[in-house]
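Engineer: Take this structure, written in structure tokens, and hold onto it; I'll ask about it next.
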Amino acid sequence: MAPMVNAAVTGPAKDRPRVLSGIQPTSGSFHLGNYLGAVRQWVDLQEQNDAFYMVVDLHAITVEQDPATLRENTRISVAQLLGAGLDPERCTLFVQSHVPEHAQLGWVMNCMTGFGEAARMTQFKDKSSKQGSDRTSVGLFTYPILQIADILLYQADAVPVGEDQRQHVELTRDLAERFNTRYAPTFTVPKPYILKETAKIFDLQDPTSKMSKSASSPKGLVSLLDEPKVSAKKFKSAVTDTDTVVSYDEENKAGVSNLLRIHSALSGQSIEQLVAHFEGKMYGALKTELAELFAEWVTPFQERTKSYLDDPAELDRVLGLGAEKAREVASETLATVYDRIGFLAPKR
Ligand code: TRP
């Protein structure tokens with residue numbers, strides 16, 4: 001990413017662009033779409049940027065969570081992020097609820113967002129229409145506003161997210177500008193950094209919809225913590241078409257194209273190279289090779305993840321340091337915000 005102008009007014013001077021993103025701890029295992037679509041780019045971005053990554057447990061409780069499962073899934077999420085290559089020496093990795101400023105700035109942002117403005121968020125409209133208004137929490141309604149607080153607290157320059165989150169980042173920009181205009185320049189106005197379309201991974205059984213844990217059949221979902229044998233089976237029974245030629249055609253050969261994209265992402269070979277490589281071979285060859293390639297990547301990933309899960313003290317240490325680094329930035333932003341709003345400073 002090109003270096004960006006540091007427009008922050010608060011916070012320590014930034015020598016590199018700051019990026020920030022979050023992932024929900026709502027399932028025990030990440031799936032291949034989470035990894036290839038987001039987490040892998042997070043790993044790349046930590047090299048050249050001042051990166052902040054968090055597991056958003058406050059967001060997770062916008063739908064009901066079992067306490068023991070939430071705690072477990074939060075740990076597993078952190079361990080997987082480390083297993084995937086996030087390096088606590090190079091980025092700030094933390095759990096959202098460890099930094100109380102998120103909820104605090106979230107309240108301020110709630111008070112600055114119009115009801116109609118929030119009601120236009122398409123993700124909310126989709127989710128709430130599926131579950132009905134009595135089963136939809138007010139927290140789900142204000143979910144994007146907590147996300148705004150997540151981003152603005154850290155004066156983030158860029159927010160790496162999938163296309164589905166663009167609207168939330170746009171709302172964040174509106175709110176940052178609103179606050180800056182109403183009070184004084186306070187927040188960096190962040191840009192969405194939309195992750196590559198080519199990283200879009202679709203369901204193996206329904207290759208026209210995104211891979212997602214809410215898929216209709218578990219056979220279409222590749223979970224990173226499953227036995228590689230289980231995933232190999234899923235690759236081998238992936239839906240393709242009645243043609244036999246391996247070629248890239250998103251519209252007419254969605255299944256094969258999806259397999260080619262996954263192969264390309266894991267092997268680093270271009271789609272053209274792969275099409276040439278599979279010339280004269282059948283779909284079975286592509287599937288078998290893909291299953292092997294995936295196993296080669298996922299086995300060491302699982303070992304690293306497991307080593308963090310087996311050492312809870314180390315995981316806690318990493319998260320303690322992450323929360324401390326995060327709070328340094330977040331508390332300074334919040335103090336400025338509270339002052340600008342007109343809150344009386346507490347006597348210490
Ligand atoms: N809403 C994001 C998602 O579902 C997760 C998220 C929460 C996030 N806070 C964030 C992403 C801040 C980027 C920045 O993917």
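Engineer: Between G106, G37, which is more than 24 Å from S307 (Cβ to Cβ), modelled with pLDDT under 95 and part of a helix (DSSP H, G or I)?
Structural biologist: Values: G106 fails: modelled with pLDDT under 95.
The conditions single out G37.
Engineer: Going by the conditions given, is S247 over 24 Å from I76 (Cα atoms), more than 24 Å from the chain's Cα centre (by Cα) and modelled with pLDDT of 95 or more?
Structural biologist: In short, yes.
Engineer: Can you spot a residue in region 200-212 that is within 11 Å of the ligand (Cβ to nearest atom) and not polar (S, T, N, Q)?
Structural biologist: No; the residues of region 200-212 include none that is within 11 Å of the ligand (Cβ to nearest atom) and not polar (S, T, N, Q).
Engineer: Does P192 satisfy the condition of being under 16 Å from the mean Cα position of the chain (by Cα) and either in a helix (DSSP H, G or I) or not hydroxyl-bearing (S, T, Y) (or both)?
Structural biologist: In short, yes.
Engineer: While we're here: Looking at I341 and the list (1) more than 23 Å from the chain's Cα centre (by Cα); (2) surrounded by 15 or more Cβ atoms within 10 Å (Cβ to Cβ); (3) of a type outside the set (D, E, K, R), which single condition is not satisfied?
Structural biologist: (2)
Engineer: Being surrounded by fewer than 22 Cβ atoms within 10 Å (Cβ to Cβ) and at positive phi narrows it down to one of G132, G139, G162, so name that one.
Structural biologist: So the residue among G132, G139, G162 that is surrounded by fewer than 22 Cβ atoms within 10 Å (Cβ to Cβ) and at positive phi is G132.
Engineer: Kindly evaluate G280 against the criterion of being within 19 Å of A84 (Cα to Cα) and open to solvent by 40 Å² or more (accessible area, probe 1.4 Å).
Structural biologist: no
Engineer: Output the number of the condition that A291 fails; it satisfies all remaining conditions of (1) open to solvent by 20 Å² or more (accessible area, probe 1.4 Å); (2) of a type in the set (A, V, I, L, M, F, W, C); (3) touching a helix residue (DSSP H, G or I) at 6+ places or on another chain (Cβ under 7 Å).
Structural biologist: Evaluating A291 over (1) open to solvent by 20 Å² or more (accessible area, probe 1.4 Å); (2) of a type in the set (A, V, I, L, M, F, W, C); (3) touching a helix residue (DSSP H, G or I) at 6+ places or on another chain (Cβ under 7 Å) leaves (1) as the failure.
Engineer: Still on this structure, please answer the following. Select from region 201-220 the residues that are touching a helix residue (DSSP H, G or I) at 6+ places or on another chain (Cβ under 8 Å) and either open to solvent by less than 90 Å² (accessible area, probe 1.4 Å) or not in a loop (DSSP other than H, G, I, E, B) (or both) and list them in ascending order.
Structural biologist: I201, F202, D203, L204, Q205, D206, P207, K210, M211, S212, K219, G220
Engineer: Hydrophobic (A, V, I, L, M, F, W, C), in contact with a Lys or Arg (Cβ under 6 Å, 6 or more places away or on another chain), assigned to a helix (DSSP H, G or I) and touching a residue at least 40 places away in the same chain (Cβ under 8 Å) - does that describe any residue in region 222-240?
Structural biologist: yes
Engineer: Which of the following residues is touching a Phe, Trp or Tyr at 6+ places or on another chain (Cβ under 8 Å) and touching a residue at least 12 places away in the same chain (Cβ under 8 Å): L146, L153, L105, L82?
Structural biologist: Just one listed residue meets the conditions, L82.
Engineer: OK, next. Take the residues in region 165-190 that are surrounded by fewer than 22 Cβ atoms within 10 Å (Cβ to Cβ) and polar (S, T, N, Q), then tell me which one is nearest to the ligand (Cβ to nearest atom).
Structural biologist: Q165
Engineer: Only one of (1) open to solvent by 40 Å² or more (accessible area, probe 1.4 Å); (2) at pLDDT below 95; (3) under 22 Å from L153 (Cα atoms) fails for V63. Which number is that?
Structural biologist: (3)
The values are calculated or read from the model by the stated rules, or taken from the named source; none is laboratory data. Bear in mind that the values here come from a model prediction, so they are computed numbers and not experimental data. Note: ideal-geometry Cβ built from the backbone for every residue, glycine included; neighbour counts use all protein chains shown. Just the protein is used for accessible areas: all its heavy atoms, side chains included, with ligands, DNA and RNA removed. Shrake-Rupley method; radii C 1.70, N 1.55, O 1.52, S 1.80 Å.
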